[in-house]
1. Counting Lys +1, Arg +1, Asp -1, Glu -1, what net charge surrounds Val128 among other residues with beta carbon under 11 Å of its beta carbon?
2. For Cα pairs less than 8 Å apart in space and 6+ apart in sequence, what is the mean separation divided by the residue count of the chain, i.e. the relative contact order in percent?
3. Take peptides 49-61, 294-306, 210-222, 138-150 and line them up by average Cβ neighbours within 10 Å, highest first, as a rough protection proxy.
4. Under 11 Å from a point placed 7 Å out from the Cα of Leu34 along the Cα-to-Cβ direction: which residues of the stretch 182-224 have their backbone N that close?
5. Of the options Gly100, Phe157, Ser173, report the single residue whose Cα projects farthest towards the positive end of the charge dipole of the stretch 92-201 (beta-carbon charges: Lys, Arg +1; Asp, Glu -1).
6. Give me, ordered by chain and number, the residues 5 or more places off Val132 or on other chains with an amide H under 5 Å from its own placed amide H.
7. Expressed as a fraction of 2.2 N^0.38 Å, the rule-of-thumb size for a compact globular protein of N residues, what is the C-alpha radius of gyration of the stretch 324-392?
8. Give me the dipole magnitude in Debye, nearest 20, for the chain about the Cα centre, with unit charges on the beta carbon: positive for Lys and Arg, negative for Asp and Glu.
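The values are calculated or read from the model by the stated rules, or taken from the named source; none is laboratory data. Quick caveat: nothing in here was measured; it's all calculated off a predicted structure. All Cβ positions, glycine included, derive from the backbone under ideal geometry; neighbour counts span all protein chains shown. Protein only, heavy atoms only, side chains kept; ligands, DNA and RNA dropped before computing areas. Shrake-Rupley method; radii C 1.70, N 1.55, O 1.52, S 1.80 Å.
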Amino acid sequence: MSTQTIAKPQAQQPGKGSRRISLPVLLLIIAGVLVLTSVVRLITGADGITSTGQMSTALRLAVPIGLAGLGGLWAERAGVVNIGLEGMMILGTWFGAWAGYQWGPWTGIIFGIIGGALGAVLHAVATVTFNVNHIVSGVAINILALGTARYLSKFTFENAEGGSSKQSPPIDSLGTFDIPGLSSWLDTLNQKHWFLISDIGGLLGGLVTDLSPLTVIAVALVPGTWWVLWRTAFGLRLRSCGENPVAAESLGVNVYKYKYLAVIISGGFAGLGGAFLSIVASNVYLDGQTAGRGYIGLAAMIFGNWMPGGLALGAGLFGYTDSLNLRGGTTNVHALILLLAILLVVGVAYLVWKKRYVPAVITAVISALMFFWYADTNEVPRQLVTAAPYIVTLLVLSFSAQRLRMPKADGMPYRKGQGK
């Protein structure tokens with residue numbers, strides 16, 4: 001029987017909360033946000049919010065979040081919740097740095113992937129073979145990885161030249177590059193500070209400026225994941241395990257094998273994200289380097305509705321807010337308060353159009369408070385800038401919760417032959 005028939009058992013009528021935004025509508029929304037951002041830049045004079053440097057930094061910080069999100073996507077599409085992404089990233093940072101300072105950055109990247117995959121094997125054994133609760137197993141992986149990295153650091157980095165119990169010796173750089181001609185032209189365009197045109201120049205300029213080879217690979221993994229999971233027989237079988245494993249088994253799919261493969265690939269992605277942090281982002285391992293990015297990656301995956309494209313948008317958003325810590329944070333965040341207030345006004349109009357009057361009133365009150373906050377201050381506290389990625393994570397998940405649709409059998413226990 002053709003594997004294409006696997007898709008039939010889990011077919012269902014999409015509810016109102018699971019409707020996906022079409023590509024034209026999504027592009028229209030992105031264009032609208034860009035126009036409003038340009039208006040806010042002109043009003044506030046905060047040119048940094050769309051500068052080439054800001055966008056380049058945002059891309060660099062979005063990569064590990066996106067890789068962790070891709071890891072979560074692979075596991076959950078096969079029906080395994082992977083809360084252990086943070087721990088797998090930690091293992092990736094340590095193994096990547098340990099191998100990287102001795103044998104070079106590319107070797108470190110390979111070892112980082114292996115480190116994350118080792119954590120994933122433990123998670124797969126616990127959840128797939130022994131049916132341990134996925135959340136409990138993931139939390140245990142995070143704790144175990146943190147303790148393991150700290151323990152190993154005392155016996156390796158502490159005795160190495162330039163290292164300590166909480167830091168590795170420096171790792172050679174992979175190097176960076178610009179797209180010749182295009183990068184400088186877009187940066188020049190961005191410096192003109194023209195309405196919308198310069199903002200587009202800054203956005204595109206950040207995508208072609210100061211690029212690491214690993215950044216290019218990570219970006220390519222997003223469409224690569226989409227193609228494998230949605231355009232190949234392998235991907236169809238894997239997704240069927242997350243939708244209806246009993247039906248998949250009845251059609252000859254080895255559900256255990258696909259779940260194991262998905263979780264191990266998931267750990268490899270998370271480990272690659274960890275290696276990016278220790279080799280590319282800072283060229284040194286630091287204790288606590290992941291700073292919750294595994295959890296934010298999981299949030300990006302949920303925001304993206306378990307789809308690679310949406311995940312990439314979520315990672316970009318969280319990477320952008322994270323980059324505010326490094327470039328003009330207090331001034332730029334103050335300007336973004338005005339942008340948020342305007343977006344809330346748009347949200348009020350949408351809710352009134354949908355005749356949802358109570359949420360519209362609540363949103364209007366919040367918008368008014370945001371306008372007052374912006375008008376009454378010149379900048380925001382530094383602590384708010386530091387917390388911005390986590391605040392945005394909570395807000396995004398709150399506002400997007402109504403349209404989410406996870407794989408039907410995600411997190412559910414499964415035993416071979418249970419459908420007989």
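1. Taking every Cβ under 11 Å from that of Val128, the sum is +4.
2. Numbers: 781 pairs, mean separation 124.9, N = 420.
The value is 30 percent.
3. With the highest mean Cβ count within 10 Å placed first, the list reads 294-306, 49-61, 138-150, 210-222.
4. Counting backbone N atoms under 11 Å from the label point, the list is 196-205.
5. Comparing the listed Cα positions along the dipole, Phe157 ranks first.
6. Amide H neighbours of Val132, under 5 Å, 5+ apart: Thr127.
7. Numbers: Rg = 13.6 Å, N = 69, 2.2 N^0.38 = 11.0 Å.
Dividing the Cα Rg of the stretch 324-392 by 2.2 N^0.38 Å gives 1.24.
8. Numbers: 28 positive and 17 negative charges, 376 e Å.
Using only the charged Cβ atoms, the result is roughly 1800 debye.
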